[in-house]
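Working notes, beginning with the structure itself.
The values are calculated or read from the model by the stated rules, or taken from the named source; none is laboratory data. Note that the structure is predicted; figures quoted are calculated from it, not measured. We place every Cβ from the backbone using ideal geometry, glycine too, and count neighbours over all the protein chains shown. Accessible surface areas use protein heavy atoms only, side chains included; no ligands, DNA or RNA. Shrake-Rupley method; radii C 1.70, N 1.55, O 1.52, S 1.80 Å.
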Amino acid sequence: MQRLVLASILFLAAASNAFGQVAVQDPWVRATVPQQKVTGAFMQLTASRDTRLVEARSPVAQVVEIHEMAMSGNVMKMGAVSGIDLPAGRRVELKPGGYHVMLIDLKRQIRDGDVVPITLVFESKDKKRETVEVKAHARALSGRM
Ligand SMILES: [Cu+2]
């Protein structure tokens with residue numbers, strides 16, 4: 001009996017691992033002022049197996065892109081990337097000044113405290129796709145971006 005219980009626990013652990021490949025921690029969105037048409041979403045991603053963030057969607061924006069911000073000479077530049085590699089077991093941070101999810105052509109103002117749904121699409125090396133829904137909390141923070 002004891003052994004049977006243990007076996008089913010192990011099975012459950014394996015099953016949840018197989019389905020939830022990517023853990024998303026602390027998703028948040030920078031709140032906007034009226035008329036502002038773009039903002040960024042940030043979070044920490046940890047994949048249990050090698051995968052790649054290839055797409056993001058959100059009902060609050062017409063267009064959602066994956067962006068990278070990096071120094072080019074003395075200038076901070078931002079641009080779309082085709083995806084972000086997530087090596088197994090390594091936490092990858094999307095943060096101001098680095099990788100972020102760019103919400104473009106916002107349909108409404110994002111106020112401090114709002115909850116913004118974001119769908120993340122991951123693709124593994126064997127081209128299998130996994131979708132993860134996150135609820136990002138809007139925070140009003142001053143600063144660039
Ligand atoms: Cu951007």
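Could you give the accessible area per residue of region 73-128, probe 1.4 Å, as a whole number in Å²?
57
Mind checking which lysines have their C-alpha under 26 Å from Lys37, skipping anything on the same chain fewer than 8 residues away?
Lys77, Lys95, Lys107, Lys135
If you stretched the chain out fully between Gln25 and Glu123, how much longer would it get, using 0.36 nm times the residue separation minus the C-alpha to C-alpha distance?
Gain in length upon complete extension: 33.4 nm.
Can you pull out the trypsin sites (Lys or Arg not before Pro) in region 100-129 that DSSP calls coil and that have at most 13 other Cβ atoms within 10 Å?
Qualifying residues, ordered by number: Lys107, Arg108, Arg111, Lys125, Lys127, Lys128.
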